[in-house]
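Novice: Take a look at the following structure, please.
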Amino acid sequence: MSQTDPQPVQYLADYRPWPFTLSETRLDVTLAPRDTRVRAELRLTPQQAGSDLVLDGGTELRLISLTVDGQQPDPSHVIREGERLTVVAAALPQGPFTLATEVGIDPADNTAFEGLYLSNGIFCTQCEAEGFRHITFYPDRPDVMTTFSVTIRSDLPVLLSNGNPVSKAPGVAEWHDPWPKPCYLFALVAGDLVAVSDSFTTRSGRKVALNVWVRPGDQHRADFAMQSLIKSMKWDEDVYGREYDLDVFNIVAVDDFNMGAMENKGLNIFNSKLVLASPETATDADYERIESVIAHEYFHNWTGNRITCRDWFQLCLKEGLTVFRDQQFTSDMRSAAVKRIEDVQALRARQFREDQGPLAHPPRPDHYEEINNFYTATVYEKGAEVIGMLKRLVGNDGYAKALDLYFDRHDGDAATIEDWLKVFEDATGRDLAQFKRWYTDAGTPVVEMSEDWQDGRLTLSFRQSTPPTPGQTEKPARIIPIAVGLLGPNGDEVAGTRVLELSEDSQSFDFDGLSARPVVSALRGFSAPIILRRDLDDATRAFLLAHDTDPFARWEAGRELALSALTTLATGGEAGSSYIASIGALIAEDQTDPAFRALSLNLPGEEEIATRLAYLGQTPDPDAIHTARTDLARRIASAHEPLLSRIYDEMTVPGAYSPDAVSAARRALRIAALGLLGRIDGGERAEVLFGVAGNMTERMAALAVLLRLGHGAPALAALLDEFGDNRLVMDKWFSIQAMAAPPQDAVAVASALAERNDFDWKNPNRFRALLGGLAANHAGFHSVDGSGYAFTADWLIRMDAVNPQIAARMSTAFETWPRYDEMRRAHARAALERIASVKGLSRNTREMVSRMIA
Ligand code: 0A1
Ligand code: ZN
C-alpha cells in the first residue's frame with residue numbers, strides 16, 4: 001500500500017475546517033488475515049450547504065457497500081479518485097445523516113505496518129499519522145473528533161480497543177470510548193496474549209485496571225513496564241494535577257512496529273523492545289528508556305489526546321510538550337543533572353545535525369509532502385527545549401499557571417501553537433510575539449560571547465545570528481535566555497545563576513562590585529538550544545571542569561577540552577595533555593556521582609568530532625578522526641591505568657541486579673573505565689567480564705571492547721547459543737557487530753550479517769539494528785570507496801518497496817553527506833541519485849532524498 005502518487009505539497013496556510021461535523025463513529029470489524037471486513041457508520045451533519053463529502057481511503061480498500069441513511073446513492077454520485085472517496089452534495093441530505101460503508105482489507109499483506117496489520121499472529125493497528133484511511137473511508141484529520149463504539153469479531157482470545165469494555169463473549173467483544181478523539185488515536189488488537197495486571201486508584205478514587213499484554217512466556221519481562229506505568233500515573237497527578245479518565249489502561253507489546261510506541265486512547269501499543277526487560281536481556285539504558293517511553297505515552301493522555309492538534313503542522317504541540325514532561329519525570333525519578341546532560345548530548349547528536357544539514361526545518365513546519373517524515377528530532381526534542389526556555393522565562397509559577405489554563409481552556413480541543421502561546425501570554429502577561437520565532441524559524445542560533453573587565457565591572461557582550469536553512473534565508477533575532485554564574489579565582493561562586501535575556505542582534509550586560517576578575521560559567525543547564533562561542537583557553541576550561549557548581553556547565557567544560565584536543569589531533573596537531581590531566585583529577589573524586597564521572601570520561605564520538613570540524617570550517621576526514629580518538633583513548637588509559645583499574649574493581653554492584661539509577665551509575669563508570677583499559681590490556685578484563693557478568697549491560701560493554709579488538713568471535717558465538725531465539729537480544733547482536741567493527745571491516749561485517757537467515761529484514765527492529773549499526777560506525781559508513789553508502793542504498797531501495805516509513809527514516813544516514821571531501825561526496829550523491837531514480841519509489845523516501853540532494 002505504499003503511496004507513490006505524487007501528492008501536492010501541503011501548506012499550513014491552506015488549513016480550512018472540515019465542512020461537516022461527526023458526532024459518532026461505530027465500527028464493526030470481522031477479523032481474518034486476508035479478508036478483514038470493516039463496517040463503519042458515521043453520524044454526520046453538514047455545516048456548509050452544498051459541500052461534497054470527501055473521505056480519505058487508501059487505494060487498496062475494497063469498497064463493498066455504501067449507503068446514506070440506508071439508501072444506496074446513484075453510482076455517479078460516488079467518485080473514487082486516488083486516496084479519496086467523494087459522495088457529491090446532491091446525494092446528501094441537508095440535515096444530519098448516517099453514512100454506512102463496508103470495506104474489505106488484507107492485514108496479512110500489510111508490510112508497511114500502517115493501518116491494520118499482523119505481527120507474528122497478532123492483529124494490531126498503527127493509525128498516526130494517516131493510517132486510519134487504510135482501515136476504512138474516513139475524514140482522516142486530527143481536528144475531526146468523536147466518540148467511538150467498536151465491535152470486534154474473531155476467535156482469538158484477547159480482543160481490545162479504545163475506551164472501556166462493554167461486553168465480551170466468545171468470538172466477540174464490544175468497546176466504547178466516551179472521550180471524543182481523532183481517528184489517529186484509534187486502536188484495535190486481537191491475539192493470543194497474556195497480561196501482567198495491576199491497578200491504580202486515582203486521587204479522586206477511580207480504580208483503574210492496568211494490563212501489560214505480552215506473548216505467553218514473556219510475562220516476567222513485563223513487570224518493570226508495569227511499575228513504570230504506575231509511577232507515571234502518580235507523577236502526572238502530583239506534578240500536573242492530571243488524572244486518568246477511563247476504567248482500564250492497556251499496553252500491548254508487538255514485535256513489528258515502525259516507531260517506539262503509540263499513545264492510542266486507553267490502548268497504548270508498544271514496540272516490544274520498549275516493554276520487555278530482564279537483567280539478562282536488557283541493558284541499564286534499555287530500562288531507563290522503557291521507563292521514559294511508558295511515561296511519554298501515558299502523559300499523552302492529556303497532552304495529545306484530551307487536547308490534540310488541529311492539523312499535523314502543529315505536531316510539536318503534543319510532542320514537544322510530552323517530551324518535556326517525560327524529561328521532567330525522568331529527572332525526578334533519577335538524577336536531574338545526569339538526565340540534562342544526556343538530553344543535551346542527544347539533542348546535539350540528532351537535532352543540531354538536522355538543523356545544520358539539508359533536512360533543517362522549524363519545530364512547526366509550514367509545508368510538507370509526507371507528514372511521516374516530520375516525526376523528527378526538531379519536532380520532538382527541539383520542541384521540548386522551546387518549552388524549557390518558556391518555563392525559564394516565565395518562572396515555575398508562571399509555567400504552572402499557564403499549564404492549568406491550557407488544560408482548562410482547551411480540554412476537548414484540537415489546538416494550535418498560537419493557542420499554546422496565548423495561554424502563556426494570558427497567564428503571565430508576557431508578550432511572546434518574538435519568542436514565537438522559535439517555532440517558525442529553522443536553524444540553531446550561534447551566540448558569540450565576549451568579556452570585558454574594568455574597575456570591578458565585568459561586561460558580557462553577546463552577538464546572535466542564525467545561519468540560513470533551506471527556504472529560510474533571513475533569521476531575525478530571537479529571545480534567548482542565557483543562564484550565567486561567576487566563579488572567583490579560588491573556585492568559589494561569587495555570583496549565583498542569573499538569566500540574561502537576549503532579544504537583539506547585539507547586547508551587553510554588566511556585573512558590578514567584583515573584587516577580582518571572575519571566571520564566567522555560561523549557558524548553565526544548557527538554558528537555550530544554541531551554539532555558544534567564546535574564546536576560552538584550555539586552562540580556563542580546566543578550571544571550570546574542576547570548580548563549576550552547575551553540573552551541565554562543568555561537564556561541558558570537559559567536553560570542550562576533549563573536543564579541542566580531538567579536533568587538533570584529527571588535523572595533524574599535537575594536543576590532549578591538559579584534557580588527560582583534568583579528566584584524571586575528576587574521576588579520582590570519589591564523592592562525585594559516578595554517573596557524572598562516567599559521562600565526563602566517555603570521549604565525544606567520531607560523529608561529534610566530525611560535526612565540530614565542519615562547524616570550524618574544515619572538511620572532516622573520518623579515518624583521521626577515528627585514529628585521533630583511538631590514540632587519545634589509549635593515552636588516557638596509559639596515563640591513568642592504576643586509577644582506572646581501581647575504579648573498575650571498586651565499581652561493582654553487589655547483590656542481585658537492579659536497574660535503579662544508583663546501581664546503573666556505578667556500572668556506567670565501571671564500563672567507561674573498562675572501555676579505556678581495553679585499549680591497553682589486550683581485552684583481558686573484557687573477556688573475563690563477558691564470561692562472569694550476569695547482566696546485559698556489562699556483557700554488551702565487554703563485547704564492544706572485544707569486537708573493537710577483533711577478538712569478538714567466541715563471545716558472539718556464546719550469545720547466539722544462549723539467545724538465538726530472543727529477538728531483542730539478537731537485535732543487539734546484529735547492531736553491535738556493525739557498530740563496533742574496525743572501520744575497514746565494517747561493510748564486510750554488515751554484508752555478511754545481511755546474508756544470514758535470521759536477518760529478518762522486514763522486521764523494523766532488525767533492519768534498524770543492522771543498517772543503523774553501520775551508520776553509527778562513522779568511519780565505516782563513510783568509507784572512502786563509497787561501499788558503506790552503496791550497501792545502505794541497496795537496502796533502502798529494497799525496504800522502500802515494503803515499508804516506506806522505515807526506508808525514509810533510515811535515509812537520514814546520508815543527511816551529513818555535503819560536509820565530506822569530494823570523493824565521498826561523489827559516492828554519496830551517486831547513492832542518493834540511484835535511490836531517487838527507482839521507479840515507484842514511495843512518496844516518503846522520494847521527499848527525503850530530494851531534500852538531501854536539492
Ligand atoms: N505519537 C507517537 C509516535 C508515533 C508516531 C508515528 C507513528 O507512526 C507513523 C507511530 C508512533 C509518540 O510520540 O510516541
Ligand atoms: Zn509522543
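Novice: Of Phe596, Asn162, Phe324, whose Cα points farthest to the positive end of the dipole of the chain (charges on the beta-carbon: +1 Lys, Arg; -1 Asp, Glu; origin at the Cα centre)?
Specialist: Asn162
Novice: Express the C-alpha Rg of the range 314-449 as a ratio against the empirical globular expectation 2.2 N^0.38 Å, rounded to two decimals. Spell out each step's value before the answer.
Specialist: Numbers: Rg = 15.0 Å, N = 136, 2.2 N^0.38 = 14.2 Å.
Working it through for the range 314-449, the quotient is 1.05.
Novice: Compare the Cα positions of Ala222, Val239, Met262 along the charge dipole of the range 166-277 (+1 at Cβ of Lys, Arg; -1 at Cβ of Asp, Glu; about the Cα centre) and return the one farthest towards the positive end.
Specialist: Val239
Novice: Treating only the Cβ atoms of Lys and Arg (+1) and Asp and Glu (-1) as charged, compute the dipole magnitude of the chain about its Cα centre; round to the nearest 20 debye.
Specialist: On the way: 87 positive and 120 negative charges, 53 e Å.
It comes to approximately 260 debye.
Novice: Just to confirm the filter: which trypsin sites (Lys or Arg not before Pro) across the range 629-716 are DSSP coil and have at most 12 other Cβ within 10 angstrom of their Cβ? Write out the running numbers ahead of the final one.
Specialist: Values: sites: Arg629, Arg634, Arg635, Arg646, Arg666, Arg667, Arg670, Arg679, Arg685, Arg699, Arg708; in loops: Arg679.
Counting only loop positions with at most 12 other Cβ atoms within 10 Å, none of the trypsin sites (Lys or Arg not before Pro) in the range 629-716 qualifies.
Novice: Taking N as the number of residues in the range 234-385, what is its alpha-carbon radius of gyration divided by 2.2 N^0.38 Å?
Specialist: Details: Rg = 15.7 Å, N = 152, 2.2 N^0.38 = 14.8 Å.
So the Cα radius of gyration is 1.06 times the expected 2.2 N^0.38 Å.
Novice: Neighbour counts of other C-beta atoms within 10 Å: give me Val254, Val386 arranged from fewest to most.
Specialist: On the way: Val254 26, Val386 23.
Listing Val254, Val386 from fewest to most nearby Cβ atoms yields Val386, Val254.
Novice: Please list, in order along the range 252-268, the HN-Hα scalar couplings obtained from phi with the Karplus expression 6.51 cos²θ - 1.76 cosθ + 1.60 (θ = phi - 60°), rounded to whole Hz, x for Gly and Pro.
Specialist: Taking θ as phi minus 60°, the curve returns 10, 9, 10, 7, 9, 8, 5, 10, x, 6, 9, 8, 2, 4, x, 9, 6 Hz for the range 252-268.
Novice: Expressed as an acute angle from 0 to 90° and rounded to the nearest 10, what is the orientation of the C-alpha long axis of helix 315-333 relative to the principal long axis of the chain?
Specialist: Relative to the chain, helix 315-333 is tipped by roughly 50 degrees.
Novice: I need the Kirkwood Rh of the range 117-182: take the reciprocal of the average 1/r across all distinct C-alpha pairs and report it in angstrom. The partial results should precede the final answer.
Specialist: Working: mean 1/r = 0.0762 Å⁻¹.
Roughly 13.1 Å, rounded to one decimal.
Novice: Right, another one. Could you list the trypsin sites (Lys or Arg not before Pro) in the range 811-850 that lie in coil according to DSSP, counting only those with at most 14 other Cβ atoms within 10 Å of their Cβ? Each step should come with its number before you reach the end.
Specialist: Working: sites: Arg819, Arg824, Arg825, Arg829, Arg834, Lys839, Arg843, Arg846; in loops: Lys839.
In loop regions of the range 811-850 (DSSP not H, G, I, E or B), the sparsely surrounded trypsin sites (Lys or Arg not before Pro) are Lys839.
Novice: A further question on this structure: Residue by residue, what Karplus-based ³J(HN,Hα) values in Hz, rounded to whole numbers, does the range 339-353 have, using 6.51, -1.76 and 1.60 with θ = phi - 60° and x for Gly and Pro?
Specialist: Here the 3J(HN,Hα) series is 4, 4, 5, 4, 5, 5, 4, 5, 4, 5, 5, 9, 7, 4, 4 Hz.
Novice: Take Gln618, project a point 7 Å from its Cα along the Cβ direction, then tell me which residues of the range 552-569 have their backbone nitrogen under 12 Å from it.
Specialist: Under 12 Å, as judged by backbone N against the label point of Gln618, lie 563-569 of the range 552-569.
Novice: Computed over the Cα atoms of the range 265-327, what is the ratio Rg over Rh, Rh following Kirkwood?
Specialist: Numbers: Rg = 13.4 Å, Rh = 12.7 Å.
Ratio value, two decimals: 1.06.
Novice: Let me ask something else about it. Would you mind calculating the gained length between Thr630 and Leu405 on full extension (0.36 nm times residue separation, minus the Cα-Cα distance), in nm to one decimal?
Specialist: Between Thr630 and Leu405, full extension yields an extra 75.7 nm.
Novice: Return the distance in nm (one decimal) between the two label points of a simple spin-label model at Asp510 and Arg206, each offset 7 Å from Cα along Cα→Cβ.
Specialist: Between Asp510 and Arg206, the label points sit 5.7 nm apart.
Novice: For the chain, how big is Rg over Rh, using alpha carbon atoms and the Kirkwood form of Rh?
Specialist: My calculation puts Rg/Rh at 0.96.
Novice: Counting only Cα, what are the radius of gyration and maximum Cα-Cα distance Dmax of the range 748-854, in Å?
Specialist: 12.9, 38
Novice: With Cβ to Cβ distances under 14 Å as the rule, what net charge do the other residues near Asp28 carry (K, R +1; D, E -1)?
Specialist: Working: positive: Arg26, Arg37, Arg39, Arg153; negative: Glu24, Glu41, Glu102, Glu174.
Charge balance in the 14 Å sphere: 0.
Novice: Quickly estimate the mean residue ellipticity at 222 nm for the chain, helices only: each DSSP H run with n ≥ 4 gives -39500 (n - 2.57), and the total goes over all residues, rounded to 500. Please report the intermediate quantities before stating the final value.
Specialist: Details: 26 runs with 334 residues, N = 854.
Result for the chain: -12500 deg cm²/dmol, rounded to the nearest 500.
Novice: Grab the other residues whose beta carbon is less than 14 angstrom from that of Arg203, score K and R as +1, D and E as -1, and report the net.
Specialist: Working: positive: Arg206, Lys207, Lys234, Arg242; negative: Asp236, Glu237, Asp238, Glu243, Asp245.
Local charge sum for Arg203: -1.
Novice: What is the extension gain from Ser450 to Thr568, computed as 0.36 nm multiplied by their sequence separation minus the C-alpha to C-alpha distance, in nm to one decimal? Walk me through the numbers before you get to the answer.
Specialist: Working: separation 118, 0.36 × 118 = 42.48 nm, distance 2.31 nm.
Taking Ser450 through Thr568 to full extension adds about 40.2 nm, to one decimal.
Novice: If you average 1/r over every pair of different alpha-carbon atoms in the range 587-684 and take one over that average, what Kirkwood value in Å do you get?
Specialist: 14.8
Novice: With viscosity set to 1.567 mPa s and temperature to 4 °C, compute the Stokes-Einstein D of the range 555-634, Rh being the Kirkwood radius across alpha carbon pairs; µm²/s, no decimals. Present the calculation step by step, with values, prior to reporting the outcome.
Specialist: Working: Rh = 12.9 Å.
Translational diffusion coefficient: 101 µm²/s.
Novice: Apply the Karplus parameterisation 6.51 cos²θ - 1.76 cosθ + 1.60, with θ equal to phi minus 60°, to every residue of the range 20-37 and state each ³J(HN,Hα) to the nearest whole Hz, in sequence, with x for glycine and proline.
Specialist: 9, 10, 10, 9, 7, 10, 10, 10, 10, 10, 9, 7, 7, x, 9, 8, 7, 10
Novice: When 1/r is averaged over all different Cα pairs and the result inverted, which Kirkwood radius in Å belongs to the range 138-227?
Specialist: Working: mean 1/r = 0.0673 Å⁻¹.
Evaluated over the range 138-227, this radius sits at 14.9 Å.
Laboratory data are not the source of any read-out in this text; all were calculated from the coordinates shown. Just so it is clear, the structure is predicted and the values come from calculations on it, not from any experiment. Methodologically, a virtual Cβ is constructed for each residue, glycine included, from the backbone with ideal geometry; neighbour enumeration extends over all protein chains shown.
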